[in-house]
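Just below is one structure, and these are the notes that go with it.
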Amino acid sequence: MSGTTEETLGYEQARDELIDVVRRLEAGGTTLEESLALWERGEELAKVCRRWLEGARARLDAALAEEGEEEAE
């Protein structure tokens, strides 16, 4: 696991690491402690991705609202 703080992770980095975490969990062969650590990291990464997507949605909604206002004028 990268050890990068979630504040500095970009969406693509978080997504790629999350994919790796899921693959490792699905492959098995880890101890319960390792599996729990992977699960916790996966939860953190999912939150990072969700925040990025929510931010993108908010920017898109704002741009669409602005475009609608300009068309209305």
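Summary of values
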| item | result |
| --- | --- |
| Residue in segment 37-57 that is at pLDDT 95 or above, open to solvent by less than 100 Å² (accessible area, probe 1.4 Å) and either hydroxyl-bearing (Ser, Thr, Tyr) or not in a helix (DSSP H, G or I) (or both) present | no |
| Test: residue in segment 3-22 that is at pLDDT below 95 and acidic (Asp, Glu) | yes |
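The values are calculated or read from the model by the stated rules, or taken from the named source; none is laboratory data. Please read these numbers as outputs of a predicted model, since none were measured by experiment. Note: accessible area is taken over every heavy atom of the protein model, side chains too, but ligands, DNA and RNA are not part of it. Shrake-Rupley method; radii C 1.70, N 1.55, O 1.52, S 1.80 Å.
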